[in-house]
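Visitor: Pasting in a structure now, in C-alpha cells, and then I'll have a few things to ask.
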Amino acid sequence: MATTLRDDLHAGWTETVVELVHADTYSDYLEMADGLLTKGYKDAAAVITGTSLEVHVRALCVKNGVTTAVAGKPKKADTMNADLKKAGVYDGLRQKQNMAWMGLRNSAAHGDYGDYDKDDVRQFIDGVQAFMMKYPA
C-alpha cells in the first residue's frame, strides 16, 4: 500500500487531484456567477468572477513557487499576476488580459457599474473559466 502511494506521489497523481478539486470549486463559483448574470445581476456576477480569478491566481502562485505575501501581508492580485508572468507561467498577453479582468472586477466592487455591461461580464465569466482550464492550479 505504501509503495503504491509513493508511486502515485512520484507520478504527480496527487497534484492532479488537488487541481481537480480546485477546478471543481472554482467551477461552482463561476456557475453561481453565470446564474446571477442570467437573472440580471451583472454586478454581483462580476464580483464573484473576479474573486474566483484572484483566488486562482493565488493558487497558481503557490503551485509555481511564487510568493504570495510580502512582509507578512498578502500580495495584491495585480502583483501576483505580474510575478506569474515573470516566472514564465504565462506570457505578457495573458497578464494584460488578467489585468483587464481585474479592472472589471474592481469597477463592480467599487460601484462603477457603468464601466461595463452584461456582455462584458459574460465574456469575463467565459474567459476566466477558459483561463482556469488552461492554467490549472
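The values are calculated or read from the model by the stated rules, or taken from the named source; none is laboratory data. Being a predicted model, the structure only gives us computed values, none of them experimental. Cβ atoms come from the backbone with ideal geometry, glycine included; neighbour counts cover every protein chain shown. Please note that ligands, DNA and RNA were not included when accessible areas were found on the heavy atoms of the full protein model with its side chains. Shrake-Rupley method; radii C 1.70, N 1.55, O 1.52, S 1.80 Å.
Visitor: Could you give the C-alpha radius of gyration of segment 64-107 expressed as a fraction of 2.2 N^0.38 Å, taking N as the number of residues it contains?
Guide: Here the Cα radius of gyration is 1.18 times the empirical estimate.
Visitor: Right, next: Can you list the trypsin sites (Lys or Arg not before Pro) in segment 28-73 that are in a DSSP coil and have 12 or fewer other beta carbons within 10 angstrom?
Guide: Working: sites: Lys39, Lys42, Arg58, Lys63; in loops: Lys39.
Loop-located and lightly packed - Lys39.
Visitor: Then there is this: What is the ratio of the Cα radius of gyration of segment 81-137 to 2.2 N^0.38 Å, where N is its residue count, to two decimals?
Guide: Working it through for segment 81-137, the quotient is 1.21.
Visitor: From the protein chains alone at 1.4 Å, what is the descending order of accessible area for Ile48, Ile125, largest first?
Guide: Ile48, Ile125
Visitor: Could you tell me the relative contact order of segment 27-129? Use alpha-carbon pairs under 8 Å, at least six residues apart, and round to a whole percent.
Guide: 36
Visitor: Please report, in debye to the nearest 20, how large the charge dipole of segment 42-111 is about its Cα centre when each Lys and Arg carries +1 at its beta carbon and each Asp and Glu carries -1 there.
Guide: 120
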